[in-house]
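Data first, discussion second: the structure below is written as C-alpha cells.
Just so it is clear, none of the values below were taken in a lab; they were calculated from the coordinates. As the structure is a computational prediction, the values presented were derived from the model and not from experiment. Note: ideal-geometry Cβ built from the backbone for every residue, glycine included; neighbour counts use all protein chains shown.
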Amino acid sequence: MRRSRCTAVILLLSAICTLWQLGAVAEDVDTSELPHVDSCNYCYECVPMRPPAADTTREAAARMRLHHLRRLSQAYSGVASDGAVAIEPEGIQDVEWANEPDPVYEAAAAASGIPGALTNPNLVHPELIQPSDHDEKQLKPNCTRCTGCTTVLSDMHAEAIETEGLEGIAFMHGKGATNGWLFFGNVAGSNKRYIVKVYCMPYSKLHGRPQTCASKVYMERMRLMMAQVRLADECGANGITPRVWIAPVNAIIPNGTFLGYHVRWYGLWMEEAPGITLHGLFVTRGAERAMFDLLTNKINMTQVVQQTVLDLLTAQCDRHSENVFITPSGALTFIDNDRALGVVTRCGSDSMLLPGNRYHTQLRLGYWGPTMTFYETHGSNPGFCTGPIDMRVVIDYRCYVPDGRIDRNYYPEMRSCMKALARHAVADIMHRYGFTSRKPAEILKRRSRDMLLMGFEAALETSPPRSAPRYMFQQQPPCCNIVMDIKGTPMCATCWKPIIEPLKDSVKDMDSKVVDVLVEPGE
C-alpha cells in the first residue's frame, strides 16, 4: 500500500495541475479509455464527472429516505440496550411540533446544492457512513488514472488562508484531535467549496495503521451536529453555526500516505465558516490593531449573547477560540459542535463564553505563559491595578447585557424555543432532533426548564449535568474594555484583578461514577 514520498508528490502535483486545467470537471477530456474508479483499488488521478442529473438524484434520495424510514421504525422499536426508546410517529403528542420538520429538512437539503444531501438526522445510519466493500476493493488493481469521481477533495491544511477584508492576515486550519479526516470538497462542476469530514476511514489519520470504525458513535455525533443547526434556527440564532449535511463522497484522497484511496460512502459536509478563527487572529504577528478594532468596535454582541445561552443550553464542552470565526464586519460563526449534549463524560459545559468554565478562565489567566507569571508575581500587591490581558476576554456576555446579567431576559425566540423544549416529552424531543438515546433530549429539557425558572446565572451555577472539578473554576471578574499601551500590549481599561487558581487538568474526578438525575423516567 505504501509508496515512496517522491512518487506521491509527483502524482499529487499532476492531479492538482489536472484539476486546475479542468476546473474540477472533465468536460473536454476523452475518458472513454479510462477505467472507472469503482473498478480500481487505488486511483492516483481521478478525472471528475458531473453527478447524476437533478431529477435522478431527487428520485434516488426519495427512495433512500423511504428505505431508511422503514429501517428506522424497525431498528428503534422497543427499548434499545443503550436506553433509547421507540420513537414512532403515532406516539408523538404534539402533532404540529412533530410533523413540521419534514418539509424544512427537504428544503434545506435541496438548497444545499449537494446531490444526495440529507438534513434529517433520523435518516443517518451507521451503514451510510462507512465502506461496505473494503476487502473486496483491495483485490482490484491500482489505476494510474481513472474517471468517475463526482467529488473533488483537496488538502485544507496545505496552505494559509488569507481572509478577505483582512489583507495580510492569514491562518491555518487545525487538523483536529479527532480521527475524522478533514478536506476541502467540491461537487464536480461547481466552484462552491465545503468542508468535508470523512469518518470511518479504514486507516487512522493519527498513525496510519488499520482501524475499525465506531460507526454508531460517529452516527450520533453527526446527528448531534445536525440537531444543533436546527436548534439554533428555532431559537432565533440562524446562521450562528455552519449548516451541515450528510451526503455522498465519491472521490480519491488527494495527498499523503493514502493518496489515491477511493472514498465512496457518506461524509459530513459543512459550510465553510467565513473570516478567520479568533485563535488565528491572536497568533498572527501584526494583527493586533485589526483584532483590537474587531473586538472593541465591530463584534456582533447579539451573537455573543445568543451563543452563550446556546452553549449552556446544549452543555457545550469544546468552545475554545479555534472554534470561533470572526469576519471583518464582526459577525461570528461557531463551529465544531460535536462535543456537546453529554458526549464528554462529566462535563456540564466548557466554553470560553461561560464564566466559571475552564476555557473561560484560561483566557483570563494565560496559563503556561508570561501573563500567568505576571499575575502570580504582582496580583497580590496592595497597589496592583491591572496588567497584560488577552484581548479575547472582552467576548463576555456580561459586557453586553444590562447590569451584566441575563437572568430570565432571553431574546423572544430563544425563550419560545426553550419553552417548547421544557414542555415536551423526552421522546418527542428525541424524534424532532434525531437523537438515538435519551440523554441529549434530557439535557435540553432540563436545561431549558432550569434556565427559564431559575434564570441564566443560577442555572449556570447549579443546573445538571454538573461538571467534574477539572472543568470548574471561580468566576473571573469581567474585563469589558481594553486599551493598548505604548508597546502595543493590551490591558484592561479599568482596574482588573483576576482570581488566581491553579490549572486543574491533573485533578482526579472522585465522583466519576456519579450519574446526574436530569428528568424523571416518565417525563
**Q.** Inter-label distance, nm, simple model (7 Å from Cα along the C-beta direction), Asn297/Val507
**A.** 4.1
Q: Let me know the Rg and Dmax you get for segment 462-523 when you use only its Cα atoms, in Å.
A: 18.9, 63
Q | Pair Glu413, Asp135: separation of 7 Å Cα→Cβ label points (nm) | A | 5.1
Q. Loop-only check: which GluC sites (Glu not before Pro) in segment 149-227 are DSSP coil with at most 12 other Cβ within 10 angstrom?
A. Glu159, Glu164, Glu167
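Between Ser190 and Lys487, what length in nm is gained on full extension when 0.36 nm per residue of separation is reduced by their alpha carbon distance?
Gain on stretching Ser190 to Lys487: 102.2 nm.
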Q.
Between Ala170 and Ile499, what is the label-point separation in nm under the 7 Å Cα-to-beta-carbon projection?
A. 4.3
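Residues with beta-carbon under 11 Å from that of Glu523, excluding Glu523: net charge, scoring Lys, Arg +1 and Asp, Glu -1?
Working: positive: Arg423, Arg438, Lys445, Arg446, Arg449; negative: Asp428, Glu442, Glu520.
It works out to a net charge of +2.
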Q: Could you calculate the contour length gain from Arg289 to His36, that is, 0.36 nm times the residue separation minus the distance between their Cα atoms, to one decimal place in nm?
A: 85.8 nm
